[in-house]
1. Using Cα pairs closer than 8 Å and at least 6 residues apart in sequence, work out the relative contact order for the range 82-160, in percent.
2. Out of (1) 15.3; (2) 20.8; (3) 16.0, which label holds the value of Kirkwood radius over Cα pairs in Å that was computed here?
3. Could you sort the peptides 74-82, 56-64 by per-residue average Cβ neighbour count (10 Å cutoff), highest mean leading?
4. Determine, for Ser41, Ser157, the number of other Cβ atoms within 10 Å of each Cβ, and report the residues in order from fewest to most.
5. Which loop trypsin sites (Lys or Arg not before Pro) in the range 95-160, with loop taken from DSSP, have no more than 10 other Cβ atoms within 10 angstrom of their Cβ?
6. Excluding same-chain residues fewer than 8 positions from Lys134, which aspartates and glutamates have a Cα within less than 20 Å of its Cα?
7. Return the distance in nm (one decimal) between the two label points of a simple spin-label model at Val49 and Ala65, each offset 7 Å from Cα along Cα→Cβ.
8. Using alpha-carbon positions, what is the distance between the centroids of the range 1-31 and the range 45-116, in Å?
Amino acid sequence: MERDLRRLSRRLLATGLTVATAESCTGGWVAKTLTDLPGSSKWFVAGWVCYSNEAKHRDLGVPLATLRRHGAVSEHVVHALARNALTRSGADVAVAISGIAGPGGAVPGKPVGTVWFAFARRRGRPVVVTAIVKRFRGNRDDVRRKAVVVALRGLYSSAS
């Protein structure tokens, strides 16, 4: 994780890009990891921890209909979280994460360890958002730690 963080920091400093985060299952772990690095104030803008559906709607504008139709752990929700974190923060790149870290919370089609990620990037005027889903094995801490690593690596790719 440390290597991924330092590599990301160098990339952000070289490109002049800034970052925002929107986290659910990681509970702010990505933002904490980013800001653990001295000098992160040069490229870290803002972070939201939107754990409940109400917070996702209230704080980052995820439509209630989207939450009801697709559930919090879905491509649609992380897409909205990433886009809105980018827009509201003014950052250049954003990551959004929503998942089921366990031990409970699994629903049909979404077992424990399912985590959705979205990466948003300003490419001129339009915002480009890509989403991926991962299924991690392990306990709650394992799932969350692995999600942080994927987020750091995805931010690095998004900042390219």
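Any read-out appearing in this document is the output of simple, stated calculations on the displayed coordinates, not a laboratory observation. Model, not experiment: these values are computed from the prediction. Here the Cβ positions follow ideal geometry from the backbone for every residue, glycine too, while neighbour counts run over all protein chains shown.
1. Values: 129 pairs, mean separation 23.3, N = 79.
Over the range 82-160, the number comes to 30 percent.
2. Given (1) 15.3; (2) 20.8; (3) 16.0, the calculated one carries the label (1).
3. Working: 74-82: 24.1, 56-64: 17.4.
My ranking of the peptides, most packed first, is 74-82, 56-64.
4. Ser41, Ser157
5. Arg123, Arg137
6. Cα-Cα hits under 20 Å: Asp4, Glu23, Glu75, Asp142.
7. Spacing of the two 7 Å Cα→Cβ label points: 3.2 nm.
8. Each part reduced to its Cα centre gives a spacing of 18 Å.
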